[in-house]
Amino acid sequence: MRIGDLVIDPPVMLAPMAGVSNRAFRAIARSQGAGLCITEMINANALLHQSAKSYWLMELDPGEYPVGIQIAGSDPKAMALAAKEAEGHGAQLVDINMGCPVSKVVKNGDGSALLKDLDRATEVAARVVEAVHLPVTVKIRAGWDNESITAPDLAARLEQVGVKALAIHARTRADQYMRPANWSYIKMVKSRVSIPVIGNGDVETPEDAVSMLQQTGADAVMIGRASFGDPWIFRRVTHFMRTGEHLPPPTAEERSTLAREHLDRMVAIKGEKVAIPEMRKQLSWYLKGTPQSSRYRAECNKLTSYRQAHELVDDWLAGARYEPPSWT
Ligand SMILES: Cc1cc2nc3c(=O)[nH]c(=O)nc-3n(C[C@H](O)[C@H](O)[C@H](O)COP(=O)(O)O)c2cc1C
């Protein structure tokens, strides 16, 4: 798949996820075969107010290219400036968030609130497209609620102003995460545009990815939650898409190696004090579905230091009699 001049191969992407798709995890997802990663969402107004955290979120790692920076906001001028910042930080594409359902985001007219104001959404995208030389993509949901499925109309308007690809999470804002994703929304969007469409929502297995592509005609799949503690999913999906065969699940050694790498990268970029509390849930995800995982998950929640975290992984590995996890 191409997004502007950018070749995305394989067409299997890591979803932008605040608190998860940071520099450490993106590099790991790339190393395990994700064709493109997108940063956590970065608020355009916070950038304008020189928020150190927002600038920090734009930092990219040499190992993670190709990478897109996601910006969120509904003020066209602020969004254009944020897009320029993203370009200056070395992004290869700028992604606009028009799907975030969180109340404190939508109350400012940002995220999925833009699905109710197509004029503003189009204006935001047009200003961002004008501001940068990079391809601009937009991530949307299907609409605000079941009575207002605006994604198909919005998609057509975004294509007209120069957006180069669309990612659609196949739920409405009102759905939050409650119902299963409805992939027919992806098909509806695909039928209205000729730019690439990236399907997203509830892809948990290689079979899901293939079904989504077949049912919707989407050009790529985007995977979010199923990559938690399982970055190998990108390779498994790609292999299954290409051959119809399954790769074996990761061994205990592979799990512990990647869990340690994740830990080391997090401590390197965030420092031990911030990284260890954030790694508690991540480490428990790596150990999920393995023997004694519930005991280790409880231990993960108590971690306070880098040394303890490594010891826990060592201990888990020493005791791990590998059993195939549930995805096989
Ligand atoms: C913890 C978390 C954080 C998220 N943060 C973002 C974000 O910053 N920007 C965004 O566009 N979507 C965000 N999302 C939505 C995901 O990108 C994706 O659309 C959603 O999880 C559905 O895909 P999945 O079923 O593969 O997880 C987030 C989702 C989760 C679970």
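Computed quantities for the displayed model
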item: Nearest-ten-degree value, helix 206-216 long axis tilted from longest Cα axis of the chain; result: 10 degrees
item: Distance (nanometres) between label positions extended 7 Å along Cα→Cβ at V102 and R2; result: 3.6 nm
item: The chain: angle of helix 306-319 to the longest principal axis, Cα-based, in degrees nearest 10; result: 60 degrees
item: Per-q log10 I(q)/I(0), the range 39-97, q = 0.12, 0.18, 0.24 Å⁻¹ (Debye; single scatterer per alpha-carbon; no solvent); result: -0.22, -0.50, -0.89
item: Sum of -39500 (n - 2.57) over DSSP H runs of 4+, divided by residues of the chain (222 nm, nearest 500); result: -13500 deg cm²/dmol
item: Rg over Rh, two decimals, the range 252-319 (C-alpha only, Kirkwood Rh); result: 0.93
item: The range 2-243: relative contact order as a whole-number percent, Cα under 8 Å and 6+ apart; result: 17 percent
item: Label point distance in nm, K77-R307, each placed 7 Å from Cα along Cα→Cβ; result: 5.4 nm
item: Residue of Q70, Q92, Q176 that the Gaussian network model of the chain assigns the largest fluctuation, springs spanning Cα pairs under 10 Å; result: Q176
item: Per-residue HN-Hα couplings for the range 152-167 [Karplus 6.51, -1.76, 1.60; θ = phi - 60°; Hz; x = Gly/Pro]; result: x, 5, 4, 4, 4, 6, 5, 4, 4, 8, x, 5, 9, 6, 10, 10
item: Stretch gain in nm, segment A318-K116, where the contour uses 0.36 nm per residue and the Cα spacing is subtracted; result: 67.3 nm
item: Positive-end residue, the chain charge dipole about Cα centroid, Cβ charges, pick of A318, I71, A275; result: A275
item: In degrees, nearest ten, helix 233-243 long axis to first principal axis of the chain (Cα); result: 80 degrees
item: Stokes-Einstein D in µm²/s, Kirkwood radius over Cα pairs - the chain at 20 °C with 1.002 mPa s viscosity; result: 106 µm²/s
item: Quotient of C-alpha Rg and 2.2 N^0.38 Å, computed over the range 183-293; result: 1.29
item: Cα→Cβ-extended label distance, 7 Å offset, between Q215 and H239, nm; result: 2.5 nm
item: The range 1-74: Cα Rg divided by the 2.2 N^0.38 Å rule of thumb; result: 1.12
item: Förster radius 22 Å - calculated FRET efficiency between Q292 and E254 (Cβ-Cβ, nearest 0.05); result: 0.75
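Computed from the coordinates by the stated procedures, all read-outs in this text should not be read as laboratory data. Nothing here was measured: the structure is a model prediction, and the numbers come from that model. Glycine gets a Cβ as well: all are built from the backbone with ideal geometry, and neighbour counts include every protein chain shown.
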